[in-house]
Amino acid sequence: MTTIAESYELPCGVRLNNRLAKAAMTERMANPFQEPTELHTRLYKKWSETGAGLLITGNVLVDRDHLESAGNVCFDEKSDLNKLRSWASSLADSNSQLWVQLSHAGRQTNRFTNRNPLAPSAVQLHKMGLFGKPKAMTQTHIFEVIEKFRVAARITKDVGFSGLQIHAAHGYLLSQFLSPATNKRYDKWGGNLENRSRLLREILREVRKEVGSNFPISVKLNSADFQRGGFEEADSLEVVKMLEAEGVDLLEISGGTYEKVAFFIQDDSIRESTKQREAYFLEFAKRIREISKIPIMVTGGFRTSSFCNEALTNGDIDIVGMGRPFLTDVEKITSLLKGEELQLNSQKIRSVVSSINDSAEGGFYARQVLQLAKQGKVKKSMNPLACAMFLIYYEFTKGLKRKAPKA
Ligand SMILES: Cc1cc2nc3c(=O)[nH]c(=O)nc-3n(C[C@H](O)[C@H](O)[C@H](O)COP(=O)(O)O)c2cc1C
């Protein structure tokens, strides 16, 4: 039997203390210069006290002109390295790993944060009118993105973080390139999968050259984006083979985009009998196992000790990823690692107006991240309507406070 408490050695030689990872959850707590603050340090200290072997930061953006939220941290040439060092050294246990998730929003950025989004092609995201029409990137833009990931990776290592993750899931720029629904290009960056995955592979090569062979590199990838004519499981399996060839140390599996938030909310319309009991991407992980030896982490829906251990023991995955339990049930994580049989909280936020359920649940957890950082504990209940409005209000007001980086 393999338990969640057992350690795990990655291909690069780094050993994780145990098999529990806190998945990335965007913090939205940066100062007006897109720098981390005291709140980041407090939050990550708190999360490290759970004993989880791996903590992955919320998405850190490689380009301050292409944020996903006005509250994102950005790692670039203008970053104040001392502030980044404080964040990197915030963990209670220096043997735990703190990896930075690096991302570029592409078209998936709200109008308040970015009026001029760039994307593989000029395909707009239609959701409540919140997203602007993107411009198709030129080759020069693409080369700039590769360079920005390289610089952000160098900074990540230099300031003392212990690894990094490239965010190629959930509909952000790299996921937009992978998906035929958003990538309509005819050049070497679009068309067949070889071309659509080129940007991700080029970034991985540059990043590996920059950080060396002993530094953990992970990729977060969608099993599918659940869009008609989009990125499908067959594509994802092919990309996994490419990632293995590039020497990726840990593949995190998720799925969906803002249009279909499968990484977050399971469709209420799916019949109970057809739903995976927990961990909705586990079936896909089993298919990866058949074609690849890449270390696998699955995130989404893990809630009981027994199910985590079952998935590990069956050899379906190597690492259990969890997000929301690190908010609403953070006090129980240590007991989970000690082997206590537990049912973690999976709070669903549902409003009388069902069309706002996605936004209400997104807003609820977004507020809990801030709440945990500020107060050290979450709020048990929040008004769904206020939660649904929160992100729009937050992005609008936070966007107004942004400042140009110091010279
Ligand atoms: C508040 C919040 C913010 C999130 N931000 C990110 C993010 O920055 N990057 C990312 O890859 N996933 C993000 N996610 C998705 C989580 O990493 C995870 O895939 C999802 O919550 C499902 O796991 P869970 O069922 O254990 O919560 C976020 C989730 C939440 C709740």
**OP:** Identify, from the list LYS241, LYS184, the residue that is out of contact with any Phe, Trp or Tyr (no Cβ under 8 Å at 6 or more places or on another chain) and free of Cβ contacts under 8 Å to residues at least 60 places away in the same chain.
**Re:** LYS241
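I'd like the residue in region 85-116 that is among the small types (Gly, Ala, Ser), away from the ligand (no atom under 15 Å from the Cβ) and in contact (Cβ under 8 Å) with a residue 40 or more places away in the chain and, out of all such residues, is farthest from ARG42 (Cα to Cα).
Among them, the one singled out is SER96.
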Original post:
Just one of the numbered conditions (1) more than 19 Å from ILE203 (Cα to Cα); (2) part of a helix (DSSP H, G or I) is not true of GLY229; which one?
Top reply: (2)
**OP:** Give me a count of the residues in region 1-36 that are farther than 16 Å from GLN165 by Cβ and among the small types (Gly, Ala, Ser).
**Re:** 4
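Of everything in region 65-82, what is crowded, with 20+ Cβ neighbours inside 10 Å and more than 13 Å from the ligand (Cβ to nearest atom)? Give them in sequence order.
Within region 65-82, HIS66, ALA70, CYS74, PHE75, SER79 qualify.
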Original post:
What about SER121, is it touching a strand residue (DSSP E or B) at 6+ places or on another chain (Cβ under 6 Å), hydroxyl-bearing (Ser, Thr, Tyr) and more than 16 Å from the ligand (Cβ to nearest atom)?
Top reply: yes
**OP:** Please enumerate the residues belonging to region 114-130 that are basic (Lys, Arg) and at pLDDT 95 or above.
**Re:** none
Original post:
Which pairs have Cβ atoms under 6 Å, sit 6 or more apart or on different chains, and link a residue in region 139-164 that is without any contact (Cβ under 8 Å) to a residue 40 or more places away in the chain to one that is not in a helix (DSSP H, G or I)?
Top reply: HIS141/LEU118
Subject >> Unique match (being more than 16 Å from the ligand (Cβ to nearest atom), out of contact with any Gly (no Cβ under 8 Å at 6 or more places or on another chain) and farther than 23 Å from ASP316 by Cα) among ARG208, ARG228 >> reply: ARG228
Original post:
Under 7 Å by Cβ, and 6 or more places apart or on different chains, what pairs join a residue from region 15-28 that is free of Cβ contacts under 8 Å to residues at least 40 places away in the same chain with one that is more than 8 Å from the ligand (Cβ to nearest atom) and part of a loop (DSSP other than H, G, I, E, B)?
Top reply: ARG15/SER7
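Matching residues to (1) crowded, with 18+ Cβ neighbours inside 10 Å; (2) out of contact with any helix residue (DSSP H, G or I) (no Cβ under 8 Å at 6 or more places or on another chain); (3) of a type outside the set (Ser, Thr, Tyr):
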residue	(1), (2), (3)
ASN110	yes, no, yes
THR113	yes, no, no
LEU118	yes, no, yes
GLN124	no, yes, yes
THR138	no, yes, no
ALA152	yes, yes, yes
**OP:** Identify all residues within region 378-399 that are without any contact (Cβ under 8 Å) to a residue 24 or more places away in the chain and under 23 Å from VAL73 (Cα atoms); write none if there are none.
**Re:** TYR393, THR397
**OP:** Among the residues of region 327-344, write down those that are within 17 Å of PHE307 (Cα to Cα) and touching a residue at least 24 places away in the same chain (Cβ under 8 Å).
**Re:** ILE333, THR334, LEU336, LEU337, LYS338, GLY339, GLU340, GLU341, LEU342, GLN343, LEU344
**OP:** Tell me, yes or no, whether region 58-75 has at least one residue that is assigned to a loop (DSSP other than H, G, I, E, B), more than 18 Å from the chain's Cα centre (by Cα) and touching a residue at least 60 places away in the same chain (Cβ under 8 Å).
**Re:** no
**OP:** Kindly indicate whether any position in region 76-88 is within 27 Å of PHE263 (Cα to Cα) and part of a loop (DSSP other than H, G, I, E, B).
**Re:** no
**OP:** Quick one: which helices (runs of 4 or more DSSP H) lie wholly within region 288-407 and hold at least 1 residues that are surrounded by 17 or more Cβ atoms within 10 Å (Cβ to Cβ), within 16 Å of the ligand (Cβ to nearest atom) and of a type in the set (D, E, K, R)?
**Re:** 357-375, 384-401
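The values are calculated or read from the model by the stated rules, or taken from the named source; none is laboratory data. Model, not experiment: these values are computed from the prediction. Using ideal geometry, Cβ is built from the backbone for each residue, glycine included, and neighbour counts are taken over all protein chains shown.
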